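Please treat every number below as a calculation from the coordinates, not as lab data. Remember, predicted model here, so these are calculated numbers, not experimental data. Don't worry about glycine lacking a Cβ; one is built from the backbone with ideal geometry, like all the others, and counts go over all protein chains shown.
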Amino acid sequence: MAVYQATASAPVNIACIKYWGKRDTKLILPTNSSLSVTLDQDHLRSTTTSRADPSFKHDRLWLNGEEEEIKDGGRMATCIAEMKRLRKEEVEDKQPNEPKLSTYPVHIASFNNFPTAAGLASSASGFAALVSSLAQLYQLPVSPSTLSVIARQGSGSACRSLFGGFVAWEQGTKPDGSDSLAVQVAPQSHWPDIHALICVVSDDKKGTSSTSGMQRTVETSPLLQHRIKHVVPQRMVDISKAILDRDFDAFAAITMADSNQFHAVALDTEPPIFYMNDVSRAIIALIVEYNRVSVAKGLGRKAAYTYDAGPNAVIYTKKENVKEIVELIVKYFPQKEGSFKDVFGLFGGADVAK
Ligand code: PMV
């Protein structure tokens, strides 16, 4: 008997222009466009195996070996239902001899090789890997942008992990969300020189989830309205140009400004949300000083920090500076409890430094 099973993996992406705020919470439509870099090495990935079998009783899911409930009407159920719908419409309705996999229950097992929900975007790689494995299982003849529309309904930022390199999530305007999708701005090969250093300040589970944090910000922050209307649209244009021109100084300036504004918007929320801690802020001070010296020498900015919904720093830099920055961080943040724990290079083939 035929076995219908497929495995796919997807990496984490780290936003330079942050997504923060939903205009539709069910479809996960954002209040602004965003742009990220997909990390390409093996450290931060989700790997998912999906299997369809008519003898299974119902859909089931295991995350890191533990079974999780698939809640009716929840995000996981929505993604699975959407993928089955695509299988029916794109394959079974057009080729009646194909097996009716859309009617079989699926069993799905997913593993992250990094701490879940520690501000390291585990939901992004998780839903991207889920959608990719089902797309393979169902042999869907559709583009990554089409799949990104479905991954988006699992976790907004997941839509960007369907592509490698530099990826924009266009917010779209249609109420059904069909144009709120990811597109590749440039492949990694366009600018392979860019590396990301992840400084794991804490791998604890984060305090305020992105879902509840965003909702509170949308409801209470006047600064968010300014950001959506007057800041992000121009930044999307400017950072895309910086990437296409391989202009690191501009890329770094925009990335840091947008991280700062995202955390300002979190602070502007009622009650306020604090994602960074003292170590996060000390890393910012270090990068600011590092850039000040470099700019004074006429070399422009050499590093860019960015923080998501947690205290961990991601530092973008060019390959030639990776060693120097790792040495600086290790010097100023010796490893001790509650402090900097780990740093490793990821994007563009950097060596692992510990
Ligand atoms: O997709 P979510 O719900 O995990 O939200 C991600 C939000 C940020 O990581 C803070 C920003 C981003 O664009 O990834």
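Using only Cα atoms, tell me the angle between helix 278-296 and the longest principal axis of the chain; keep it within 0 to 90° and round to the nearest 10.
60 degrees
Hey, for a label at R246 modelled as a point 7 Å past Cα toward Cβ, could you say which residues of the stretch 291-320 have their backbone N under 19 Å away?
What the label zone holds, given the 19 Å backbone N cut-off, is 299-304, 316-320.
Which entries of K229/K319; K18/K319; K229/K297; K26/K229; K241/K302 have Cα-Cα distances beyond 27 Å here? Walk me through the numbers before you get to the answer.
Values: K229/K319 35 Å; K18/K319 24 Å; K229/K297 36 Å; K26/K229 23 Å; K241/K302 18 Å.
Distance filter (> 27 Å) returns K229/K319; K229/K297.
Spin-label point model (7 Å from Cα, Cβ direction): what's the A264 to K88 distance in nm?
According to this spin-label approximation, the distance is 4.9 nm.
Does the chain classify as rounded, prolate or oblate by the C-alpha gyration tensor (a ≥ b ≥ c root eigenvalues; a/c under 1.5 gives rounded; else a/b over b/c gives prolate, otherwise oblate)?
Note, shape of the chain comes out prolate.
Give me the percent of DSSP beta bridges within the chain that run antiparallel, rounded to the nearest 5.
Approximately 90 percent, going by the DSSP bridge assignments.
Nearest 0.05, what FRET efficiency do V295 and V330 give at R0 = 22 Å with Cβ-Cβ as r?
Values: r = 24 Å, r/R0 = 1.08.
Working from the Cβ atoms, E equals 0.40.
Taking neighbour counts of Cβ atoms within 10 Å as a proxy for exposure, in what order, fewest first, do Y332, Y138 appear?
If I rank by nearby Cβ atoms, fewest first, I get Y332, Y138.
Compute the acute angle (0 to 90°) between the alpha-carbon long axis of helix 210-220 and the principal axis of greatest extent of the alpha-carbon atoms of the chain; round to the nearest 10°.
For helix 210-220, the angle is close to 70 degrees.
Determine, at each q value in 0.13, 0.14, 0.18 (inverse angstroms), the log₁₀ of I(q)/I(0) that the Debye formula gives when each Cα of the stretch 4-190 is one equal point scatterer.
-0.63, -0.73, -1.20
Taking neighbour Cβ counts within 10 Å as the exposure measure, how do R227, R292, R45 sort from fewest upward?
Result, fewest neighbours first: R292, R45, R227.
If you take the beta carbon distance between S189 and F111 as r and set R0 to 45 Å, what does 1/(1 + (r/R0)^6) give as a FRET efficiency, to the nearest 0.05?
It comes to 0.95.
Given Cα pairs under 8 Å that are at least 6 residues apart, what percent is the relative contact order of the stretch 194-345?
42 percent
At a threshold of 8 angstrom on Cα-Cα distance, excluding pairs fewer than six apart, so keeping six or more, what relative contact order does the chain reach in percent?
21 percent
Need one word for the stretch 194-345: rounded, prolate or oblate. Basis is the Cα gyration tensor (sqrt eigenvalues a ≥ b ≥ c); a/c below 1.5 gives rounded, then a/b vs b/c decides.
Taking the square roots of the gyration eigenvalues as a ≥ b ≥ c, the stretch 194-345 is oblate.
Using 0.36 nm times the number of residues separating S178 and Q5, minus their current alpha carbon distance, what extension gain do you get?
Length gained between S178 and Q5: 59.5 nm.
If you take every DSSP beta bridge whose two residues both sit in the stretch 4-190, what share of them, in percent to the nearest 5, is antiparallel?
90 percent
Fewest Cβ neighbours within 10 Å first, please rank D249, D308, D176, D72 accordingly.
Arranged by neighbour count, lowest to highest, D249, D308, D176, D72 become D72, D176, D249, D308.
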